[in-house]
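Report on the following structure.
The values are calculated or read from the model by the stated rules, or taken from the named source; none is laboratory data. Please read all numbers here as calculations on a predicted model, not as lab measurements. Cβ atoms come from the backbone with ideal geometry, glycine included; neighbour counts cover every protein chain shown.
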Amino acid sequence: MKFITRVFIFLSLAISAWATSDLAGKLPPQVKFNSILVNEFEQLSYVNSIIQDQHGFIWAGTMQGLARYDGYEIKTYIHKREDPSSIAHNWVKDLLTDGKGSLWAVTHSGLCRYQSQMDLFDCFKLYTDTEKRHQVHFYAMFEDREGSIWVSTSLGIRLFNAETGRFRAAPKLLTAAIPPTANSTDNFVHEIEQDHDGALWFALENNGLVRYLPSSGELKHFHANGLSAENKLPNNQVREILVDSNNTVWIGSLGGGISRYNRANGTFGSFKHSDNEKAIEIWALYEDAEGIIWIGDGSGLHLYHPETGKVAAYAYLEGTTGGPGNYVARDIVGDSAGGIWVGYFPSGVDQVDMLASKFINYRHKPNDPSSLPDGGVLSTLEADNGMIWVGCGFGLGLLDRSSGTFKRFVHEPGNTGSLSGSTVLDLAKGKDGSIWVGSWNKGLNRLPPGGSKFQHYQYDPSRATSLYGNEPWGILSTRSGELWVVTEKGINRFRPETGDFERVMPQDGDGTLLDSLYSRHIYEDRSGTLWISSFAGLYGLNPKTKRFSHHYKHDPQDPHSLSSDQVLSVFEDSSGHLWVGTNGAGLNLYQPHSDNFKRITSANGLPNMTISGIIEDGNNDLWLTTFHGLVKYSHQHKRFTVFDKHDGPAGDLYNRNSPSLLSTGEIVLGSSRGLTLFAPSDISEYTFVPPVVLTEFSIFNSPVEVKTQGPLQQSITYAKEINLDYQHSVFSFEFAALSYVNPKENQYAYRMKGFEMDWNKVGHRRSATYTNLDPGDYTFQVKASNSSGVWNEKPLEIAVHISPPYWKSPLAYLCYTALAMLLASALIREYQRRLDYERRKLAQERAIVKRLKEIDTLKDEINRNLDKKIAERTEKLQQKQRRLVDAQSELKQLNQKLSEVSVTDQLTGLKNRRFLYQVMHDDIATVNREYLSGFAPGDERNDLTFLLLDLDFFKAINDEYGHKGGDETLIQVSEILRNTMRDTDYVVRWGGEEFVIIIRHLPRQRAIGIAERLRKTIMEHTFSLDGHKGPKQTCSIGIAAYPFCQSHAKVFSWEQVINMADRALYSAKASGRNCWIQIECAGALPHSWEPQSLDKASVNTAIAQGYLKVSSNLALDKLHW
């Protein structure tokens, strides 16, 4: 039905970048179906036809309209009665791209050609009467190799001239063979194809098959009830025809299954591809680039390889992902990048990623005991019989690849022959064929050859020959047959003769054996050295001497050291290079000539910096498992290629060293989502270079419609230029790379030439917005990459013309020039007039100047005498002024010193009480403003907290050391206070041995911490008196904050708050000294209450009634008031 399209796609697939000859003769191991915009396509009902146009868009003809898909969203075209440029009917039955690249939609009411430049349709209809009251219905459309267009209608076959838009009758012989039947659909043609010999094949609704050769006029009609065997079909309801690359004609019918035409004897042979009862309902047939036949039938999808005869079946399963998106595949086509597209009944479209289909995934199924054990895959091991042992989080599985089923082994309480633990960390095969299994926190297990019961080896702290550790993270059977096990505690060598273990531990820097070494992996290189991956670096061990030859650690100062001490994996490739994977610090390549490492990080292409596993395939390429994807490193190209879950593997998180190279050359590995198996030779890079298209243009965030007089005169997808005016100050483009393999990972870059030079690399974002560009000519460019990072370096370009406002137009500038010339002429005339005037004036002035010179000479003589006298008098005045200024400066300095002395304590250098009275007014005003601005309970406000500090037993210092000793103590205490408090706080000597500290603009809750720090600092300070060590000194502190009552800021003055602090200090003294006490308002105080009345009885009463709250470093019941 779509000969031109299918030939184009077939050729494209044959040369597509990632299709290789190695894949010939193989069915895809596990086809991955990706359902596209399920909800959107569900609204369009079932899909009749899918096609890719010459630009790369995917089109789907459905029951409810025509949909265009760009990899991100669909644009739907429906019939609008008031719009003659819309499609003729919502029921789109077939799609075709003709030899000129035009897209045609066959609707129920007419043929519609898509006018891409204007984003509309030209529709051609046919009527049964001249009055055009009865429309002809359309079914299918086909262009043969000669360019003739054949159309199936309710009036039979018609030939259509696309240039004139006219229909004409088909050849008489063909019309006679397929006559329209009144009130019957028997002769409706559903499909037309042309074979390599030029013969046209017509599939009829209920009347068999017609073969017609236009060159000779030869015609054959095949029926299910044909009289002769050569004309006999299995069923007359033929819906699908496929001419494959070998010129074999495949016929699909509803109820008769598939038949193939035998050209040798001219008969049809039945082809049975499935035993399912619904498999005889054939809706779609397609041959891909590798010769595989895709079959869409009533039971789902089947893939058949003609050379091997193998068939793979895929069916829709409700609630699952990765399989077909719905029940019945009605159309199957390929795209230019090698992908396969499937349209379904009752709805839906799938994109099949053929590259991802090369990966085989096994997942846990909760209700299937023969599926992979749960908990993610942690380790793998190939068995001798080709089966695969798989260690999982919740059990050990043995995969039978022929059936795809697993035999499970788990820990069974009470069964000593079961696994000691179900979480399997690592697997190894011993020299005797035993399978060794490491169970997390449960030790080591051994399954003897042919045995069914596991032997257990566990850590016994009382036995030095037991397995050292409960977590066998790494198990290795060396080439010499020795078994080594590394655990969370260290390194073990199994001694088969005694059935126990020898501990082999490295030494620390002092030569002492380590008690433990948390190890995660053990590996043997070609020289026999054992490499232990530990969380203390990488160790090299000589297994014969049991001595450690190497220990590599991370050095933050050395960029060539190991990138991390946490080593997870080690591998030696076929060239002898040693690779080291770390936890969070990337990959390391050992450089033996310099005995150091080259670091490989995300900057080199790694998707994640944790390398959990490393293995090499048969092509000498490395495969790395990380915490975010599978990575292939090509030695040939020195390049990393990342495969995430969208590219085929089961998951992205590979948290254990699980890869194994099978004897078949395949690689098996596990992630948190399941087991993945693939043949590295089948996995190629996705190098399709994506075309880039513009999908929308908006001004002020509103999409612009195509109008002949508007900014956009053609569809934005095909437009070459956009014309804007200066008022269009905000405009934006949306774009898409037409690469459909994981399109969310396509990347974009754009720029506006004429405005910017550099490309804006915007990752996955598909839009660009520009604001306030100056009038002028620009070129918008955009380029894109596919999901593998392959860029289309030829950018899409569209010219952008921004016209200036009328006052900046060329006509305006012409008017400005004319006005400027007239103005210049007037100015010249005025200048000439003024020049004549100035000449006359100049002559007069010359005469005056001569007289003035004479006067000036006389004046100069007088001035010289006068200046001399003035200078002498000025000098005398300046001398007097300097003496006056010096006297004023000296007086000012004396006043400043006097002022400073008046507010400074002469002994300690601290501020005195006078200073506090001078400065407190401003601070109190600041706090009051903040509190009066609004206060919610629980808010922290900036308070003024007063600490009244008194030295304990200071009189004893004066009595024992004299007043000089007391003065020295006060000076040292003042230094402690200066060093402890902030520069913004006030420290004041209040009198004698009392000090006042004002903590400014901090919440009062933080004052007690400061008070405690002051108390401890003074208590721990060693006082020096007269050059000798003096006695220890303590202090007592009373604390109160302004405002005292937070809910009524101005009720108490700051002097009253100091009295409150003094009351607290008194209590501290009475309670044993060397402590601090804070008094706070706990709520609204009685109006009659005054701070001066704060004696023992009133304090206890206020506390009991909840008016006051007391805090102290002493127990509150020990306080005395």
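If you take the residues of the range 66-88 that are part of a loop (DSSP other than H, G, I, E, B), in contact (Cβ under 8 Å) with a residue 24 or more places away in the chain and aliphatic (A, V, I, L, M), which of them is farthest from VAL38 (Cα to Cα)?
Only one residue tops the list, namely ALA88.
With respect to GLU412, determine if the residue is loosely packed, with under 15 Cβ neighbours inside 10 Å and more than 27 Å from GLY451 (Cα to Cα).
Taking the combined requirement at face value, the residue does not satisfy it.
Per-residue answers, yes or no, for (1) within 30 Å of PHE643 (Cβ to Cβ); (2) touching a strand residue (DSSP E or B) at 6+ places or on another chain (Cβ under 6 Å); (3) free of Cβ contacts under 8 Å to residues at least 12 places away in the same chain; (4) assigned to a helix (DSSP H, G or I):
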position: VAL782; (1), (2), (3), (4): yes, yes, no, no
position: GLU793; (1), (2), (3), (4): yes, no, yes, no
position: CYS815; (1), (2), (3), (4): no, no, yes, yes
position: ARG829; (1), (2), (3), (4): no, no, yes, yes
position: ARG834; (1), (2), (3), (4): no, no, yes, yes
position: GLN844; (1), (2), (3), (4): no, no, yes, yes
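Take the residues in the range 119-166 that are part of a strand (DSSP E or B) and among the basic types (Lys, Arg); name whichever of them is surrounded by the most Cβ atoms within 10 Å (Cβ to Cβ).
Per the stated criteria, the residue is ARG158.
Restricting to the range 286-300, count the residues that are under 15 Å from VAL47 (Cα atoms) and either crowded, with 22+ Cβ neighbours inside 10 Å or among the basic types (Lys, Arg) (or both).
3
Looking at GLY670, is it touching a residue at least 12 places away in the same chain (Cβ under 8 Å) and assigned to a loop (DSSP other than H, G, I, E, B)?
no
Of the conditions (1) closer than 25 Å to THR248 by Cα; (2) crowded, with 24+ Cβ neighbours inside 10 Å, GLU307 fails just one. Which one is it?
Of (1) closer than 25 Å to THR248 by Cα; (2) crowded, with 24+ Cβ neighbours inside 10 Å, only one is false for GLU307: (2).
Please go through (1) more than 60 Å from the chain's Cα centre (by Cα); (2) closer than 30 Å to LEU694 by Cβ for ALA847 and return the number of the only condition it doesn't satisfy.
(2)
Could you grab me the full set of residues in the range 170-183 that are within 18 Å of SER216 (Cα to Cα) and without any contact (Cβ under 8 Å) to a residue 24 or more places away in the chain?
Residues satisfying the conditions are ALA170, LYS172, THR175, ALA176.
Quick test for you: out of TYR778, TYR813, TYR831, TYR837, pick the one residue that is farther than 30 Å from ARG639 by Cβ, of a type in the set (Ser, Thr, Tyr) and under 33 Å from the mean Cα position of the chain (by Cα).
TYR778
Wholly within the range 452-513, which strands (runs of 3 or more DSSP E) include no fewer than the required count, namely at least 1 residues that are over 45 Å from the mean Cα position of the chain (by Cα)?
Those strands (runs of 3 or more DSSP E) span 455-457, 491-495, 500-503.
When the range 81-99 is examined, which residues are found to be among the basic types (Lys, Arg) and at pLDDT below 95?
ARG81
Only one residue in ILE957, ILE998 is of a type in the set (A, V, I, L, M), buried (at least 17 other Cβ atoms within 10 Å of the Cβ) and within 54 Å of the chain's Cα centre (by Cα). Which one?
ILE998
Which of the residues that make up the range 737-760 are part of a loop (DSSP other than H, G, I, E, B) and either within 21 Å of ASP777 (Cα to Cα) or among the basic types (Lys, Arg) (or both)?
Within the range 737-760, GLY754, PHE755, GLU756, MET757, ASP758, TRP759 meet the criteria.
Report, by residue number, each residue of the range 422-451 that is in a strand (DSSP E or B) and either among the acidic types (Asp, Glu) or without any contact (Cβ under 8 Å) to a residue 24 or more places away in the chain (or both).
Passing the criteria: ASP426, ARG446, LEU447.
How many residues are at pLDDT below 80 and basic (Lys, Arg) when one looks only at the range 851-863?
Final tally of qualifying residues: 2.
May I ask you to say which residue of ARG520, ARG493 is touching a strand residue (DSSP E or B) at 6+ places or on another chain (Cβ under 8 Å), basic (Lys, Arg) and closer than 13 Å to GLY438 by Cα?
So the residue among ARG520, ARG493 that is touching a strand residue (DSSP E or B) at 6+ places or on another chain (Cβ under 8 Å), basic (Lys, Arg) and closer than 13 Å to GLY438 by Cα is ARG520.
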